[in-house]
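See structure below.
The values are calculated or read from the model by the stated rules, or taken from the named source; none is laboratory data. Just so you know, these numbers come straight off a predicted model, no measurement behind them. Glycine also receives a Cβ, built like all others from the backbone with ideal geometry; neighbour counts cover every protein chain displayed. When the accessible area is computed, the model is the full protein with side chains, heavy atoms only, and any ligands, DNA or RNA have been set aside. Shrake-Rupley method; radii C 1.70, N 1.55, O 1.52, S 1.80 Å.
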Amino acid sequence: MNPYATVTRAFEAALGNDSEDALDTGASLLAADPSADPELDRRGREFLTQTWRGGWQPADLARLVRRDLDGVHLVLLDRLAREETSGYEGLPHRWPEQLAELQAEAASAGFSPAPDRFSAATAALELYRFLGTLPRIEPVGPAPGEKLPPPVAGEPKMLARIRALLAKAEATPYPEEAEALSAKAQELMARQGVDEAVLAARRPAKDVPSACRIGVDAPYETAKAVLLDAVARANRCRAVWNSGYGFSTVVGFESDLEAVELLHTSLLVQATTAMTRAEAAQRKGGRKRTKSFRQSFLASYAHRIGDRLTAVSEQVASESGEFLPVLAAREVAVQGRTDELFPQTVSTRVRGVNDLAGWEEGAEAADRAALGPGRERIERGRPGR
């Protein structure tokens, strides 16, 4: 048999038609021709190359495959991604970490390759069909094979301190201690941002804003996007939510992006823990667990956290005196880059925020928390708005 012809016929049958019969026809052709396996893998790597050039990164694909397909597809994606990226001289910032996380997830979750040739061929065609439907999205950095910017320096000592503070905040059972640890983390983040801005202003090479994508997973994704937006704004960044694909693009200077990722992750952990405790107390009082309570809790939590983070950052900025013009210039640069990436956005509101008990519990939890927008801008408001 001719491997190239076999794969071409299978693709013609299965990728141009989304019916199950067409998929079975393509998989049968591939299963009957073992010599076509290398060509099938080569085509898969080509799909990934085009996907990278379309703005997607490994973490984006992993999130979507996890949401819309199955474990066997994640195993295949992991193998093809490692093979496709192994030939490049260097990979963009964040890519090695994303690939390692994809490999660890595929290995640790107990997913196995397809058990027989027909199932393996079916999984490959389903994954390729899925990749072929993805549109181009806004790039947040170069794709593999493109010119790379200068390497990012290792994690600043300040970020290591912030990471340690937030880990303690997540672990402590005492709300007052968690609040103190989180507040200190946000203060350090704000001061680091000032220091980085001053150093950048003195360097001959001009720093420019970059971007990263952070997953915003269901359930209650709107409230989670609000929380990320609040964290981003308090740290001189901007977040634009893509509800369809489950992520927000955060635009800012590199050290601020690192801080946003750290704090957002920590606050989500703290919010979930606090919500679980609040629900338990509600159930003891005879109330059933409700989706409305959780949605209102998280929306209120995000709203109040945003106020607290902003207050800490403004306090630090006010102490910076002579450097305020530098900070203002960087904020203008971030907004300009955001407008360049996303010339059109729409606003959305958090829906289902109508549970007063959830709102009040969320606000109280936010007051205790350790601190440290489809493409939508987020509008926040109390229940009933």
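Taking the range 247-262 as the search range and keeping residues that are touching a helix residue (DSSP H, G or I) at 6+ places or on another chain (Cβ under 6 Å) and either of a type in the set (S, T, Y) or assigned to a loop (DSSP other than H, G, I, E, B) (or both), which one is most open to solvent (accessible area, probe 1.4 Å)?
Across the range 247-262, the extreme among qualifying residues is S255.
For the range 82-93, which positions are in a loop (DSSP other than H, G, I, E, B) and open to solvent by less than 40 Å² (accessible area, probe 1.4 Å)? Outline the logic, then answer.
First pass over the range 82-93, keeping only residues in a loop (DSSP other than H, G, I, E, B): 86-93.
G90, P92, listed by residue number.
For residues that are polar (S, T, N, Q) and part of a loop (DSSP other than H, G, I, E, B), tally how many sit in the range 98-133. If you could, list the steps in order and put the result at the bottom.
Taking the range 98-133 and keeping what is polar (S, T, N, Q), we get 98, 103, 108, 112, 119, 122, 133.
Cutting the leftovers down to part of a loop (DSSP other than H, G, I, E, B) gives us 112, 133.
So the count comes out to 2.
What do you reckon, is T265 open to solvent by 60 Å² or more (accessible area, probe 1.4 Å) and under 14 Å from the mean Cα position of the chain (by Cα)? Give the derivation first.
Values: open to solvent by 60 Å² or more (accessible area, probe 1.4 Å): yes; under 14 Å from the mean Cα position of the chain (by Cα): yes.
Yes: the conditions hold for T265.
What are the pairs, 6+ residues apart or on separate chains, where a residue within the range 137-156 that is under 20 Å from W56 (Cα atoms) has its Cβ under 7 Å from a residue that is open to solvent by 50 Å² or more (accessible area, probe 1.4 Å) and modelled with pLDDT under 90?
G141/H93; P142/L148
Name the residue, out of E89, E105, E97, that is out of contact with any helix residue (DSSP H, G or I) (no Cβ under 9 Å at 6 or more places or on another chain), closer than 30 Å to S255 by Cβ and modelled with pLDDT under 95.
E89
Among (1) over 21 Å from D116 (Cβ atoms); (2) modelled with pLDDT of 95 or more, which single condition is D24 missing?
So the condition that D24 fails would be (1).
With the requirement that a residue be aliphatic (A, V, I, L, M), assigned to a helix (DSSP H, G or I) and modelled with pLDDT of 65 or more, what does the range 322-365 give you?
Taking the range 322-365 and keeping what is aliphatic (A, V, I, L, M), we get 324, 326-329, 332-334, 341, 346, 350, 353, 356-357, 363, 365.
Within this subset, residues satisfying the condition of being assigned to a helix (DSSP H, G or I) are 324, 326-329, 332-334, 341, 356-357, 363, 365.
Within the range 322-365, L324, V326, L327, A328, A329, V332, A333, V334, L341, A363, A365 meet the criteria.
Mind checking whether some residue in the range 189-207 is assigned to a helix (DSSP H, G or I), at pLDDT below 85 and under 26 Å from T272 (Cβ atoms)?
To start, the set of residues in the range 189-207 that are assigned to a helix (DSSP H, G or I) comprises 189-202.
If we keep only those that are at pLDDT below 85 too, we end up with 189-202.
Adding the requirement that they be under 26 Å from T272 (Cβ atoms) leaves 189-190.
Looking through the range 189-207, at least one residue is assigned to a helix (DSSP H, G or I), at pLDDT below 85 and under 26 Å from T272 (Cβ atoms).
Looking only at the range 221-235, which residues are over 14 Å from the mean Cα position of the chain (by Cα) and buried (at least 24 other Cβ atoms within 10 Å of the Cβ)?
The first filter runs over the range 221-235 and keeps only residues over 14 Å from the mean Cα position of the chain (by Cα), leaving 223, 230, 233-235.
Listed by number, the residues that qualify are A223, A230, A234, N235.
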